[in-house]
1. Residue by residue through region 585-606, note down the ones that are more than 11 Å from GLN529 (Cα to Cα), in contact (Cβ under 8 Å) with a residue 40 or more places away in the chain, surrounded by fewer than 20 Cβ atoms within 10 Å (Cβ to Cβ) and among the hydrophobic types (A, V, I, L, M, F, W, C).
2. What do you reckon, is GLY293 on the phi > 0 side of the Ramachandran plot and surrounded by fewer than 15 Cβ atoms within 10 Å (Cβ to Cβ)?
3. Checking the condition in contact with a Pro (Cβ under 6 Å, 6 or more places away or on another chain), without any contact (Cβ under 8 Å) to a residue 60 or more places away in the chain and surrounded by 14 or more Cβ atoms within 10 Å (Cβ to Cβ), which residue from VAL330, VAL309 passes?
4. Anything in region 358-380 that is surrounded by 18 or more Cβ atoms within 10 Å (Cβ to Cβ) and either among the acidic types (Asp, Glu) or more than 28 Å from ARG257 (Cα to Cα) (or both)? List them, or say none.
5. In region 529-550, how many are surrounded by fewer than 23 Cβ atoms within 10 Å (Cβ to Cβ) and not in a helix (DSSP H, G or I)?
6. Considering each residue of region 456-491, count those that are surrounded by 14 or more Cβ atoms within 10 Å (Cβ to Cβ) and out of contact with any Ser or Thr (no Cβ under 8 Å at 6 or more places or on another chain), and give that number.
7. Name the residues in region 369-404 that are within 24 Å of SER486 (Cα to Cα) and without any contact (Cβ under 8 Å) to a residue 60 or more places away in the chain, would you?
Amino acid sequence: MSQKNTHHVVETLCRRLAAATGLLEEHVAALVRSPPKPDMGDYAFPCFELAKQQKKAPPELAKELAQRMCLDPKVNQVFAAVTAEGPFLNFKALPGVLNEAILRKVLDPITAFGHSETGENQTVIVEYSSPNIAKPFHVGHLMSTILGASLARIYKRIGYRVVSANHLGDWGTQCGFQFLAWQQSDPQEREEQLEKRGIDYLAELYIGIHAPGKRLNQLRELLQDQKSSGAPEERAQIQAELERLVPEVARIDAEARALFKKLEDGDSALRALWQRLRDKTLEVLQKSYDRLGVKFDSDAGEAFYEPHVKELVKDLKERGVLVQSEGAWVIPLDEPGAKRKRPPCIVIKSDGATKYETRDLAAALYRKKTYNFVKNIYVVDVRQNDHFSGFFKALEKAGYAWVTKECVHVAYGMMKISEGGQVRAMTTRGGQMVPLGDLLDSMVDIVCGIIAEKNHALSATQREAVAEAVGVGAIVFWVQSRRRNSDIVFDWKLATSPEGDTGPYVQYTHARACSILRKLAVQAPLEAQLRMLTQPEEVAVCKALERFPAVLLHAADGYEPSLLATWLIETARAFNDFYNKHQVLKAETLELTKARLVLVSAVRRMLAEGLALLGLAAPEEM
């Protein structure tokens with residue numbers, strides 16, 4: 001546990017153990033952990049390492065230390081029992097002493113609980129969201145955006161300098177297809193439609209220019225299916241249509257690639273069009289980012305790194321890293337004697353144009369030079385595993401050994417929706433991507449209906465604000481409440497439930513704590529007699545709060561915001577269990593009321609902070 005987040009009880013444990021063993025306090029603190037079962041104690045010290053040094057059996061040493069600790073008067077002021085359990089030394093704290101120590105630490109106005117020096121003077125790049133320009137922001141980008149933003153906040157909370165990067169897909173052959181579709185549309189109509197419909201219109205153009213290619217692929221699949229069972233006449237018709245489409249698709253592809261090459265070569269008209277489409281995309285995207293509470297430090301997309309490509313290619317050629325293959329310049333990725341052949345990383349295509357792998361290489365090198373990062377994290381779905389494996393290998397082959405430890409692909413599963421008793425892909429609706437705004441609006445409408453039914457005291461304005469916070473929060477929390485490497489099935493009803501393992505449940509618990517505090521405000525919370533808090537439910541709440549700093553560190557280490565989501569659920573459960581069993585405002589004595597109000601205040605604060613780290617608002621009324 002970071003020294004910044006330790007409290008009196010843990011400090012006493014470490015100090016007295018250090019005195020008894022000769023180990024440094026910092027070393028003891030690094031070894032102390034929670035026992036596997038709560039009834040074993042509050043803290044455990046493993047004796048393996050020390051026993052090895054003293055050439056004793058760990059269980060024997062644990063018994064000796066337990067006897068010594070029990071005779072220490074300073075230990076007895078804080079701990080009710082010190083026992084040996086196999087090779088572990090277990091400490092059971094006096095409940096009131098432990099609760100007071102934790103609450104004072106949580107509410108300390110000087111040291112922000114959960115902050116640490118772990119990342120001091122170190123930079124982490126978190127790349128996430130990264131949609132393509134001229135296309136609507138749809139639910140396919142949702143998981144990357146939510147997970148990446150939370151990781152950025154968590155890393156910042158534990159002391160790192162964080163650069164949040166929205167690596168826009170604003171360069172590449174797709175630009176050529178967009179330009180071609182634009183050029184083939186009516187000039188007056190396209191201006192009117194762009195003004196009226198924005199990037200929805202651009203997406204329509206993009207889909208239209210790809211329609212012949214999509215149809216060609218359908219025909220090929222259909223012809224394959226017809227080989228064994230189809231009638232000769234049907235196969236002939238399919239073959240005829242296929243043959244008519246082949247040259248058209250080839251022409252479209254060639255013209256699009258030529259347009260992108262002209263863009264790369266600096267064509268002024270295409271550059272101006274490219275800038276216009278990019279600006280329009282960012283304008284629309286910002287509306288979704290604002291609703292999700294997401295901010296970026298950089299929106300430097302692929303195009304930003306294009307000027308660095310020439311220098312990169314020149315360097316790789318001079319060092320013999322790049323070799324020619326079938327007219328292209330590539331980085332071979334095969335290892336000598338390897339059974340599995342790996343395709344090379346193509347840096348320059350045979351037509352002289354670059355690929356997104358090229359710009360990924362340039363981006364990684366630019367970031368390393370500019371920020372000297374200790375981690376460059378790419379939050380991209382699991383389908384890109386092969387791309388990142390090849391990309392990282394290419395960096396390694398190019399001589400950049402830091403890639404193996406410092407570049408990380410944080411993969412996540414796919415998202416589907418449970419609706420009407422069926423599970424279906426969440427990214428399609430009639431062949432079109434579902435706009436994120438539509439999904440958010442639907443959730444807000446559902447929550448607004450629930451609030452109108454259950455809380456008549458809220459005004460229409462308040463209902464709107466709460467519905468937005470809870471509706472959007474329900475999606476944001478659901479995405480992060482499960483391990484990221486598994487597929488997620490989104491259930492509308494379960495996600496909005498205020499009683500399950502959901503965002504609304506945590507938000508409602510926060511609102512409940514706020515309601516309690518409004519009824520009897522705490523003027524000087526840390527002056528209350530906190531040692532009066534000795535009930536098991538009070539201990540459970542405080543122990544949950546105590547875990548917050550460790551949860552943040554584990555979430556960062558495993559790139560797993562779900563650990564924080566789980567902590568929020570567990571803390572909310574512990575608090576609600578306490579509240580259902582014990583009076584707060586009408587406790588046996590006024591002093592006990594004050595002490596319990598401090599507990600409520602600590603829960604309110606930490607739930608709000610945990611929700612904020614995951615990108616959720618913390619409404620004070622629901």
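The values are calculated or read from the model by the stated rules, or taken from the named source; none is laboratory data. As the structure is a computational prediction, the values presented were derived from the model and not from experiment. A quick note on method: Cβ atoms are made from the backbone with ideal geometry, for glycine too, and the neighbour counts reach across all protein chains shown.
1. LEU585
2. For GLY293, the condition - on the phi > 0 side of the Ramachandran plot and surrounded by fewer than 15 Cβ atoms within 10 Å (Cβ to Cβ) - is not met.
3. Values: VAL309 fails: in contact with a Pro (Cβ under 6 Å, 6 or more places away or on another chain).
Going through VAL330, VAL309 in turn, just one is in contact with a Pro (Cβ under 6 Å, 6 or more places away or on another chain), without any contact (Cβ under 8 Å) to a residue 60 or more places away in the chain and surrounded by 14 or more Cβ atoms within 10 Å (Cβ to Cβ): VAL330.
4. ASP360, ARG367, LYS368, PHE373, LYS375, ASN376, ILE377, VAL379
5. 4
6. Looking only at region 456-491, we keep the residues that are surrounded by 14 or more Cβ atoms within 10 Å (Cβ to Cβ), and these are 458, 462-484, 488-491.
Next cut, out of contact with any Ser or Thr (no Cβ under 8 Å at 6 or more places or on another chain) only: 458, 462-469, 472-473, 475-476, 479, 488.
The number of residues fulfilling the criteria is 15.
7. Kept after step one, since they are within 24 Å of SER486 (Cα to Cα), are these residues of region 369-404: 375-392.
The answer is ARG383, GLN384, ASN385, ASP386, HIS387, PHE388, SER389, GLY390, PHE391, PHE392.
So that you can scan it fast, the table gives a plain yes or no per residue for (1) in the same structural domain as LEU533 (by TED's automatic domain parsing); (2) within 15 Å of MET606 (Cβ to Cβ); (3) touching a Gly at 6+ places or on another chain (Cβ under 9 Å):
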| position | (1), (2), (3) |
| --- | --- |
| MET69 | no, no, no |
| ALA80 | no, no, no |
| GLY86 | no, no, no |
| LEU98 | no, no, no |
| LEU103 | no, yes, no |
| ASP108 | no, yes, no |
| THR118 | no, no, yes |
